[in-house]
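> Here it is, the structure in full.
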2 protein chains.
Amino acid sequence: MPVYFEDVTVGESQSFGSYDVTEADVLAFAEAYDPQWFHTDPERAREESLFGSLAASGWHTASMTMRLLVDNHFADTASYGAVGVDALRWPNPTFPGETLSVTVEVLEKTPSESKPDRGTVRTRVTTENEAGEPKLTMEPIVLYARHTPGEPT
Amino acid sequence: MPVYFEDVTVGESQSFGSYDVTEADVLAFAEAYDPQWFHTDPERAREESLFGSLAASGWHTASMTMRLLVDNHFADTASYGAVGVDALRWPNPTFPGETLSVTVEVLEKTPSESKPDRGTVRTRVTTENEAGEPKLTMEPIVLYARHTPGEPT
């Protein structure tokens, strides 16, 4: 049975996933969606960028994080998708060759006042590399179905 | 000369861009980064999804928005990239066949206290389709270089 709103516990935390960041993917994503030279030109990035190396687009890091969430966290969840995301930050750039993993901590659950069959869950998501350096943090607000609509949670 | 921190005016607003959302791109993005059935299976989405149609991943809408910003807004800007994004929301799903455009309004400028050669600019970004329906709103916080470091702005 999938994870419903009632099955989510505030304070619980899960860590999972292993996503290998490749230079080919960094370049392909950037050429399509974020063609700034520090994301598309490895040589110039090595010589001139603040980081001394080609770095992934922040939206690419967010998208790789989403893939880890879909495969490991939302795969068996009665979720309707995210209403939105608060406090998205990129504390460090993501580099080709790194391996990303994700931690999700449940911050808050709010039953819908108007619709008794659903509620929102606010989590804190942290994406880090194999050395534990944080690459992305955010607070998604996700809509979940309830399997006992209207009862106290 | 590129747009520096000093050249940005609080309250100014720009609208631009024209991004055609194709089903092929919606599927390719979702298969790579957000393989949930309402983003990857056109038939099932038509029959079972809340929206009655295949919808783009919210991260795809954000990435298409970034492409419009890079091509039209950051192309000639002394920007070091975004520190982060607040209040990211997807008020409506994005569908194949739509054409997206973007409006950027400058909300706030904050000179760095520790580094006189830079400052942050908070904007309100709204992405909408050709009928003016909002698809994404967010408040990016972007780091800009100053061309007169330390002088009053």
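Please treat every number below as a calculation from the coordinates, not as lab data. Computed from a predicted model, the values in this text were never measured in an experiment. Methodologically, a virtual Cβ is constructed for each residue, glycine included, from the backbone with ideal geometry; neighbour enumeration extends over all protein chains shown.
> Taking the alpha-carbon distance from B:Lys115 and a cut-off under 27 Å, which lysines remain once sequence neighbours fewer than 8 residues away in the same chain are dropped?
A:Lys135
> Further, regarding this structure: May I ask you to derive the FRET efficiency for A:Asp117 and A:Ser18 from their Cβ-Cβ distance with R0 = 22 Å, giving the value to the nearest 0.05?
About 0.05, to the nearest 0.05.
> By counting other Cβ atoms within 10 Å of each Cβ, how are B:Met66, A:Met1 ranked from fewest to most?
The order, fewest Cβ neighbours first, is A:Met1, B:Met66.
> Any aspartates and glutamates with Cα under 19 Å of the B:Lys109 Cα? List them, leaving off those in the same chain fewer than 8 positions away.
B:Glu6, B:Asp7, B:Glu12, B:Asp76, B:Asp86, B:Asp117, B:Glu139, B:Glu151
> While we're looking at this one, here's another question. Ignoring the sites themselves, what is the longest stretch of chain B with no GluC sites (Glu not before Pro) in a DSSP loop and at most 13 other beta-carbon atoms within 10 Å?
It works out to B:13-112.
> If you look at just the Cα atoms of region B:5-145, how large are its Rg and its Dmax in Å?
Reported Rg and Dmax, both Å: 16.8, 57.
> Then there is this: Between copies, how far does the label point of A:Glu108 sit from its twins, in nm, shortest first, when each point is 7 Å from Cα along Cα→Cβ?
1.8
> For a paramagnetic label modelled at 7 Å from the Cα of A:Val10 toward its Cβ, which residues of region A:107-142 fall within the zone defined by backbone nitrogen distances under 13 Å?
Correct set: A:107-111, A:120-123.
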